[in-house]
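Coordinate-derived values only; no laboratory data. These numbers were taken from a predicted model, which means no experiment stands behind them. Methodologically, a virtual Cβ is constructed for each residue, glycine included, from the backbone with ideal geometry; neighbour enumeration extends over all protein chains shown.
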Amino acid sequence: MQAFVYHSVVRENGVIEIPHVPLRKGQKIEVIILPEDGEGAELMAASESSLKFWDNPVDDEVWNDV
């Protein structure tokens, strides 16, 4: 699955603008909106900051043998 991340500000009447998306016309997409401030922002930041845990060659070798 390919993912794109854009940051935007909600404007008047709930309008959100994002730049050009490199997908073909008519392609169906799913949009998930995550507010940057408020409840859960710290948990989200913590989960994104610790991805190096998964970049482990020893663990990869063990799981590849399972």
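To keep it simple, each residue is scored yes or no on (1) on the phi < 0 side of the Ramachandran plot; (2) in contact (Cβ under 8 Å) with a residue 40 or more places away in the chain; (3) touching a Leu at 6+ places or on another chain (Cβ under 6 Å); (4) not small (Gly, Ala, Ser).
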position: ALA3; (1), (2), (3), (4): yes, no, no, no
position: VAL9; (1), (2), (3), (4): yes, no, no, yes
position: ILE16; (1), (2), (3), (4): yes, no, no, yes
position: GLY26; (1), (2), (3), (4): no, no, no, no
position: VAL31; (1), (2), (3), (4): yes, no, no, yes
position: ALA46; (1), (2), (3), (4): yes, no, no, no
position: PHE53; (1), (2), (3), (4): yes, no, no, yes
position: ASN56; (1), (2), (3), (4): yes, no, no, yes
position: ASP59; (1), (2), (3), (4): yes, no, no, yes
* Structure fact -> SER49 meets each of (1) of a type outside the set (A, V, I, L, M); (2) surrounded by 10 or more Cβ atoms within 10 Å (Cβ to Cβ); (3) over 11 Å from the mean Cα position of the chain (by Cα) with one exception, condition (2)
